[in-house]
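Asker: Here's a structure for you.
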């Protein structure tokens, strides 16, 4: 056997190894995105459980704020539906709506000293705030992993493997501009 045969064989083996390594990296990035979404999903479900408890404790004290509580329930249900369908734009919209109504609820709670003095309400409010912070951190991590995935499948030469194996860009978790605005507390108290 000639030296050319071994050179060609070595080139084919190295190229094949490179392709396999590249494919495995793309799979790893895709699975990392899925894992990070699952972590957000867990926190959203925990928050929904805590919201149910918070609404129940608020209903005892906030008899005249039924509209706000119903809006939170509707927003929470929309969040569950969007999360279950893994529809990122719908999740972002539901998240924005829910955040707005929760801010309004906490602002309205200021009018109810008995509610604010209730230990259960304070514990739930603190727990929800902690979950919100964790969700925010996880969203950032999710977006980072989506960004890594999207860059990897668009770079040369991985783009050829990505296109031939069905890898597609994933959607970032965008927050609606409405969620970034400050809460208008005066408007919340006028309801």
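Asker: Using 7 Å Cα-to-Cβ label points, what is the residue 119/residue 59 separation (nm, one decimal)?
Answerer: 2.3
Asker: Which FRET efficiency value, to the nearest 0.05, do you get for residue 127 and residue 67 by plugging their Cβ-Cβ distance into 1/(1 + (r/R0)^6) with R0 = 41 Å?
Answerer: Efficiency, from the Cβ-Cβ distance: 0.95.
Asker: OK, next. Can you give the helix-only mean residue ellipticity at 222 nm for the chain, where every DSSP H stretch with n ≥ 4 adds -39500 (n - 2.57) and the sum goes over all residues, rounded to the nearest 500 deg cm²/dmol?
Answerer: Helix contribution divided over all residues of the chain: -28500 deg cm²/dmol.
Asker: Taking the Cβ of each residue in 6, 156 as the centre, tally the other Cβ atoms inside 10 Å and list the residues starting with the fewest.
Answerer: Fewest-to-most Cβ neighbours within 10 Å comes out as 156, 6.
Asker: Say R0 is 22 Å: what FRET efficiency, to the nearest 0.05, do residue 144 and residue 77 get from their beta-carbon distance?
Answerer: Efficiency at R0 = 22 Å is approximately 0.15.
Asker: Another question about this same structure. By counting other Cβ atoms within 10 Å of each Cβ, how are 165, 58 ranked from fewest to most?
Answerer: Ascending Cβ contact count within 10 Å gives the list 165, 58.
Asker: In degrees, nearest 10, range 0 to 90: what is the angle between the Cα axis of helix 66-85 and the longest Cα principal axis of the chain?
Answerer: Rounded to the nearest ten degrees, it is 10.
Asker: In degrees, nearest 10, range 0 to 90: what is the angle between the Cα axis of helix 119-154 and the longest Cα principal axis of the chain?
Answerer: In the chain, helix 119-154 runs at an angle near 20 degrees to the longest axis.
Asker: For 1, 62, which order do you get if you count the other beta carbons within 10 Å of each Cβ and list the fewest first?
Answerer: Neighbour counts put them in this order, fewest first: 1, 62.
Asker: Expressed in nm to one decimal, what extension gain is obtained for the pair residue 35 and residue 174 from 0.36 nm per residue of sequence separation less their Cα-Cα distance?
Answerer: 48.2 nm
Asker: Provide Rg and Dmax in Å for the range 15-82, with only Cα atoms included in the calculation.
Answerer: 20.9, 70
Laboratory data are not the source of any read-out in this text; all were calculated from the coordinates shown. This one's a predicted model, so the numbers in the text were calculated from it and none came from an experiment. Note that we place each Cβ from the backbone using ideal geometry, even for glycine, and neighbour counts take in every protein chain shown.
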